[in-house]
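Take a look at the structure set out below.
Read-outs throughout are calculated quantities, based only on the coordinates presented, and are distinct from any laboratory measurement. Computed from a prediction, not measured in an experiment: that's the story for all the values here. We place every Cβ from the backbone using ideal geometry, glycine too, and count neighbours over all the protein chains shown.
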Amino acid sequence: MALTMESKLKDILADPDAKAILDDIIPHLSGHPAIKMALGMKMSKIVKMPHSKCTPEKAKEFEDRINALGK
């Protein structure tokens, strides 16, 4: 299954390459104390949440890099 912005956070965190991209672009997200509540959410929804602190530019960069993985 290919990882995309429609992938669930748990799938992205389970893939070491995708997690590295996430940690590079949104460093605070994977270590957030409430992360377990968002594991079933799609990344496209998470990046739109104000507390994700993800700008549209960062979301686009994440999308581009995750698509480039081809996983």
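Computed quantities for the displayed model
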| item | result |
| --- | --- |
| Segment Ile35-Ala2, extension gain: residue separation times 0.36 nm, minus the distance between their alpha carbons | 9.7 nm |
| Computed over the chain: relative contact order in percent, which uses C-alpha pairs under 8 Å that are six or more apart | 48 |
| Option label - Cα Rg over 2.2 N^0.38 Å computed here, alternatives [x] 0.96; [y] 1.39; [z] 1.01 | [x] |
| Charge dipole magnitude, Cβ of K and R +1, D and E -1 - the chain, Cα centre, debye nearest 20 | 320 |
